[in-house]
Structures are given as structure tokens and as C-alpha cells.
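The values are calculated or read from the model by the stated rules, or taken from the named source; none is laboratory data. Small disclaimer: the values here were computed from a predicted structure and weren't measured. When we count neighbours, we look across all protein chains shown, and the Cβ atoms used for this are built from the backbone with ideal geometry, even at glycine. Keep in mind that these areas ignore ligands, DNA and RNA; they rest on the heavy atoms of the full protein, side chains included. Shrake-Rupley method; radii C 1.70, N 1.55, O 1.52, S 1.80 Å.
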Amino acid sequence: NSEVEAALSVLQDDTGNACLYQQNGILMHHSRIFLDIYSFIFLCLNNLYKSLINLKIEIYISDVTRNSLQLWINDLSRDSYMKAGLNEGNLTVINSETIKQEHSIFIQALNTLIDYSKVLLPKAIDVPTHISQLKDILSLSVYSSMKDSYSYQIPWLCLDSIINELFKSIDPDLTINLGSLVRNLNNNLSLEDKKIALYQLLNFSLLTYV
């Protein structure tokens, strides 16, 4: 699935995820959060999703996001899965056994958070022109999350600082301060779970500690 692959390529690239350190949402306390595919994967990569569940924070996703994630998981879970590519000039082959050995923890995290999340269908209401004009620019998951967040009035965790600023100009109370959220979730992780977060920080500069 291209949206999941795109999110992983950004979040596991220290240049690509630099925008996370500039995100400046408004809300500092969180009881309900709307996630797009980027923020969903972000929370699974660094194990922070466990704190979401332990703290009983309500999580919402669009049907577009759920379907994209499920298709990607189903594809990787096939026994016949195989993907070949070049890595620094060397041929690499990833098959179902590689997936089980290297990605099983991440896939389990995705499945757990999908099961915990509430999937919302689009509401048939008018949204601000500033949102509807972005339909052909944003990915399907990001656009549906922005629109549904506004429609249902559930704060959206947007990782992209530019898109977040645009959304903040429409409804600032629907934007979440990423640093505050990460700090709160990290404080509720066990020492063992923090090891994965630290790995992501050291290897990909992924925001896990603030």
C-alpha cells in the first residue's frame, strides 16, 4: 500500500521527520485523538500506542485510514509475499520469513491499535473551503482525517507542521501539541517498552523524548 510505505519512508528518515520537531498544536491535554496514517504509524513505531491504551485515550480513525492499514498488513502477512530491491548496489529479497523475523512486533502494534480505534464514516456536512481545496493535494488518509476531525470536532494529531498550521488557522482547538502528547505518553511507558522508542530515536531521529 503506497500510503503506508510513504509514511514509513518519511518517519524512518532523519531528514523527512524533521518536521515533527516544528509541530506546534494547541491542545496540551488529550482525552480524544483523531489519527491519520502518519500519526498512527508514528505511535506504533515508537511503542507510544501502548500508553494511549493504558491511559484510555479514545482513538478515532477514518475508514480510509483503516482500510489502507489493513490492506498493507494483509499483503505482508501472505505466505507468498516477496519483494526484491537494491540496497547500496546489492540485491535484497524480503519474503514472508523475513517479515516474521523483522516486522512481527510492528505488525502486532498496528493490529492492536486498529482493534482499539473507533472507525468513523464521513459525515455529509459542508467543510471550510480551505479544507476542501486540499483534496487533490493531500494523501487520502490525511485529507479524510482532516475533514472528519472537523466534522466530528475531534482533535487531530497532524505531524506535518505546515498542514498543522493551516488546520490551526481553521480551528485551533482541534490541533494537538505533539511535544506535550509524546511527553505524557512516554512517562507512562515501561522501561522495557522505552527501549523501542530509544531505538527509533537513535537510528532515525524519530521524536520519542522531549
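Among the residues of the stretch 170-186, the ones that are out of contact with any helix residue (DSSP H, G or I) (no Cβ under 8 Å at 6 or more places or on another chain), open to solvent by 10 Å² or more (accessible area, probe 1.4 Å) and closer than 24 Å to L120 by Cα come to 3 in all.
The rows are residues; the columns are (1) modelled with pLDDT of 90 or more; (2) touching a His at 6+ places or on another chain (Cβ under 8 Å); (3) part of a loop (DSSP other than H, G, I, E, B).
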position	(1), (2), (3)
L134	no, no, yes
L138	yes, no, yes
Y143	yes, no, no
D148	yes, no, no
L159	yes, no, yes
N164	yes, no, no
K168	yes, no, no
K194	no, no, no
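Among the numbered conditions (1) open to solvent by 40 Å² or more (accessible area, probe 1.4 Å); (2) more than 25 Å from K56 (Cα to Cα); (3) under 18 Å from the mean Cα position of the chain (by Cα), the only one that F167 does not meet is (1). Restricting the stretch 104-132 to residues that are of a type outside the set (F, W, Y) and touching a strand residue (DSSP E or B) at 6+ places or on another chain (Cβ under 9 Å), the residue that is modelled with the lowest pLDDT is P122.
Number of residues in the stretch 1-27 that are surrounded by 13 or more Cβ atoms within 10 Å (Cβ to Cβ), assigned to a helix (DSSP H, G or I) and among the acidic types (D, E) equals 1. Of all residues in the stretch 151-164, those satisfying the criterion of being farther than 22 Å from K118 by Cα, touching a residue at least 40 places away in the same chain (Cβ under 8 Å) and surrounded by 16 or more Cβ atoms within 10 Å (Cβ to Cβ) are D160, S161, N164.
In this entry, Y199 passes the filter for residues that are of a type in the set (F, W, Y), in a helix (DSSP H, G or I) and over 18 Å from I59 (Cβ atoms).
Taken together, the criteria place K56 among residues that are at pLDDT 90 or above, part of a loop (DSSP other than H, G, I, E, B) and either under 19 Å from K195 (Cα atoms) or open to solvent by 60 Å² or more (accessible area, probe 1.4 Å) (or both).
Taking the criterion of being closer than 18 Å to L110 by Cβ and in contact with an Asp or Glu (Cβ under 9 Å, 6 or more places away or on another chain), the residues of the stretch 24-45 that qualify are I33, F34, I37, Y38. Regarding the stretch 31-47, can at least one residue be identified that is assigned to a loop (DSSP other than H, G, I, E, B), at pLDDT below 95 and either open to solvent by 10 Å² or more (accessible area, probe 1.4 Å) or within 27 Å of S151 (Cα to Cα) (or both)? Checked against the condition, which is being assigned to a loop (DSSP other than H, G, I, E, B), at pLDDT below 95 and either open to solvent by 10 Å² or more (accessible area, probe 1.4 Å) or within 27 Å of S151 (Cα to Cα) (or both), the stretch 31-47 yields at least one hit. S96 fulfils the conditions (1) at pLDDT 95 or above; (2) open to solvent by less than 70 Å² (accessible area, probe 1.4 Å) except for a single criterion, (1). Out of the residues in the stretch 112-130 that are part of a loop (DSSP other than H, G, I, E, B) and without any contact (Cβ under 8 Å) to a residue 40 or more places away in the chain, state the one that is surrounded by the fewest Cβ atoms within 10 Å (Cβ to Cβ). My answer is A124.
Before we move on, is L69 closer than 15 Å to C158 by Cα and in contact (Cβ under 8 Å) with a residue 40 or more places away in the chain? Talk me through it step by step, then tell me what you get.
Details: closer than 15 Å to C158 by Cα: no; in contact (Cβ under 8 Å) with a residue 40 or more places away in the chain: yes.
Answer is no for this residue.
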